[in-house]
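The structure under discussion appears below in the form of structure tokens.
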């Protein structure tokens, strides 16, 4: 639209210049010499007004037909670069209105247009000088007595406009246009049709530069009063970041990649209101198909109202993907992001309802679901922002109620795959055995024994939650079945490639579920760990040719019935190398430990496992009284020994003390005697 406004301004000025320079002798415009003179004067006036180079090769004017033809028009920008060029401009005017200084264009046709426009933060727009030059002068001119009344300016009224064979570059955008036609002079009654638009541009993403290519075979816009009906046919959009597709080499993951699209679409919309800050549009029809990614939107309808560039209201939204997957909601409110205003994206919907056959989204997101034809109804209240999606009052189930799930949850860390955090609390889940078997049958699994187990369970009720973080999935909760109850927590660690966790039950028919008739109800807890690395397990299986899981189980069995006999306080272990599972159970007793070793190599025929009972005798048993007497006698003997040693040590200390006392007494007497003799000697000397 910028380029169209630009050339219409230039065209209007050119026509007005030609008519003004011709003065009243319009009939003289048929003269070649007059036309050449006017070309020179018009280009000179435009050159001076725009302060840039303006060229027109030739002009042909037919006075009787009121036709005006320009050939070879060129305008440079202020940096002396070619900004606008047109091979030919044809104008069909009405003659009589010229007498009243009105230019009524019945038809304006531009052929071979080439435009090179730029706009950046440093140099601004290279075409801005043209718009500025043709702005109306709003400066008030002081009236003076000798002022002459200015002549009335020419008034330009546009009719039909046609642009053919156009090429446009705008910054990094490049586009071509075969034909654009605008019919109708009166606002509210115009029709616009466009044929074969081709546009290319580059954009930046966090993964680097992305090449974009869009084409439209046909676009039409029809005004009906204030409303505008927009229809596109064969709109194609493709992009490529010149890197491998996001899930390349990962057959279990979907093909959708926002930077590797190849979409063909058809859109019909009604623009009910368009203002500076407000847009109201109804999307009546939208179809989009991308065979590579699996996008197959067969219907999209909604009403969108954008208010003050701050909020968007979406009403009566409906979308269909594939044959049966549909989603609907009555209204939603979206806070539009704005860095300048400091706003971030946020949204809230009314209740979203829909149904799906998961095969409809399998190619895009999960090829493993390609055979999933079970119809599932969904319902939730959806909200979120740039970093989190919140799901409230989720209800998922089949129309016949054989599967029914209620839950609440959220998905956090949307901007960083390593920070992605999915957490749902399952308030209740019910699945009949028929439904579970139907779901399993849609996956390529060996399921003979699994179906036997499900028949024993009869139904599954579940309460708990699951938590998915980067490369790790955590599940916990309580299962209720006809065979009993099980509490569990398990972790699927996709970094270390192990599945591990813990289960416990206070009442479960283990033998019935695993087809081991001699085992009845069990009360136990168990820790388990299994290797899920395809590389590690393949290396083991290639040698052993086994089909069992590779891992271990450590169990503590509080109570279990075996052939109508209750056994308590048992420990058990199972080690499986993929070919054979070796297990053992043990009950510890005072005199003898009861042991049982078992092996199996086929999980589908557990009743055929090989069992080997065993006993582990303790050391020879001694009577309890005799043992006590021996211990007491030994204790008494030790006490006497300790007592004797203490007495001996006490006597030795006493004897040493007496000896020390006698020595002290002797020393004192000797000292007294010496002192007495010294006194006598002193007295004698005097």
Filter segment 252-278 for residues that are modelled with pLDDT under 90 and in a strand (DSSP E or B); which is nearest to residue 320 (Cα to Cα)?
-> 272
Scan 478, 438 and give me the residue that is surrounded by fewer than 18 Cβ atoms within 10 Å (Cβ to Cβ) and part of a helix (DSSP H, G or I).
-> 438
Before we move on, is residue 493 over 24 Å from residue 422 (Cα atoms), assigned by TED's automatic domain parsing to the domain that holds residue 572 and either at pLDDT 95 or above or out of contact with any helix residue (DSSP H, G or I) (no Cβ under 7 Å at 6 or more places or on another chain) (or both)?
-> no
Does at least one position in segment 154-162 carry a residue that is crowded, with 16+ Cβ neighbours inside 10 Å, modelled with pLDDT under 80 and out of contact with any helix residue (DSSP H, G or I) (no Cβ under 6 Å at 6 or more places or on another chain)?
-> yes
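Yes/no per residue for (1) farther than 23 Å from residue 503 by Cβ; (2) surrounded by 15 or more Cβ atoms within 10 Å (Cβ to Cβ); (3) in the same structural domain as residue 516 (by TED's automatic domain parsing):
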| site | (1), (2), (3) |
| --- | --- |
| 537 | no, yes, yes |
| 545 | yes, no, yes |
| 565 | yes, no, yes |
| 569 | no, no, yes |
| 581 | no, yes, yes |
| 584 | no, yes, yes |
| 589 | yes, no, yes |
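Evaluate the following for residue 460: is it surrounded by 15 or more Cβ atoms within 10 Å (Cβ to Cβ), within 22 Å of the chain's Cα centre (by Cα) and touching a residue at least 24 places away in the same chain (Cβ under 8 Å)?
On the way: surrounded by 15 or more Cβ atoms within 10 Å (Cβ to Cβ): yes; within 22 Å of the chain's Cα centre (by Cα): no; touching a residue at least 24 places away in the same chain (Cβ under 8 Å): yes.
When the stated conditions are applied, residue 460 does not pass them.
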Among the candidates 217, 181, 186, residue that is free of Cβ contacts under 8 Å to residues at least 12 places away in the same chain and either assigned to a strand (DSSP E or B) or surrounded by fewer than 17 Cβ atoms within 10 Å (Cβ to Cβ) (or both) | 186
Residues of segment 241-260 being closer than 23 Å to residue 361 by Cβ, free of Cβ contacts under 8 Å to residues at least 40 places away in the same chain and surrounded by fewer than 18 Cβ atoms within 10 Å (Cβ to Cβ), in sequence order, are 244, 245, 246, 247, 248, 249, 250, 258
Checking residue 680 against (1) farther than 30 Å from residue 549 by Cβ; (2) at pLDDT 80 or above, which test does it fail?
-> (2)
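Being surrounded by 10 or more Cβ atoms within 10 Å (Cβ to Cβ) and part of a helix (DSSP H, G or I): is that true of residue 656 here?
On the way: surrounded by 10 or more Cβ atoms within 10 Å (Cβ to Cβ): yes; part of a helix (DSSP H, G or I): yes.
Against the criterion (surrounded by 10 or more Cβ atoms within 10 Å (Cβ to Cβ) and part of a helix (DSSP H, G or I)), residue 656 qualifies.
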In segment 360-391, which residues are modelled with pLDDT under 95, out of contact with any helix residue (DSSP H, G or I) (no Cβ under 8 Å at 6 or more places or on another chain), under 20 Å from residue 403 (Cα atoms) and surrounded by fewer than 16 Cβ atoms within 10 Å (Cβ to Cβ)?
-> 375
Cβ pairs under 6 Å, 6+ apart or interchain, first in segment 607-621 and part of a strand (DSSP E or B), second modelled with pLDDT of 75 or more and surrounded by 11 or more Cβ atoms within 10 Å (Cβ to Cβ), ordered by first then second residue, are 610/599; 611/598; 612/597; 613/596; 614/595; 616/595
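In segment 189-214, what residues are part of a loop (DSSP other than H, G, I, E, B) and either touching a residue at least 60 places away in the same chain (Cβ under 8 Å) or surrounded by 16 or more Cβ atoms within 10 Å (Cβ to Cβ) (or both)?
Taking segment 189-214 and keeping what is part of a loop (DSSP other than H, G, I, E, B), we get 189-190, 206-207.
Correct list: 190 only.
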For segment 516-528, enumerate the residues that are within 21 Å of residue 502 (Cβ to Cβ) and surrounded by fewer than 16 Cβ atoms within 10 Å (Cβ to Cβ).
-> 525, 527
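For segment 343-356, indicate whether the set of residues that are in a loop (DSSP other than H, G, I, E, B) and over 20 Å from the mean Cα position of the chain (by Cα) is non-empty.
The answer is no, given that none of the residues of segment 343-356 is in a loop (DSSP other than H, G, I, E, B) and over 20 Å from the mean Cα position of the chain (by Cα).
The values are calculated or read from the model by the stated rules, or taken from the named source; none is laboratory data. This one's a predicted model, so the numbers in the text were calculated from it and none came from an experiment. Every residue, glycine as well, gets a Cβ built from its backbone with ideal geometry; the counts of neighbours run over all protein chains shown.
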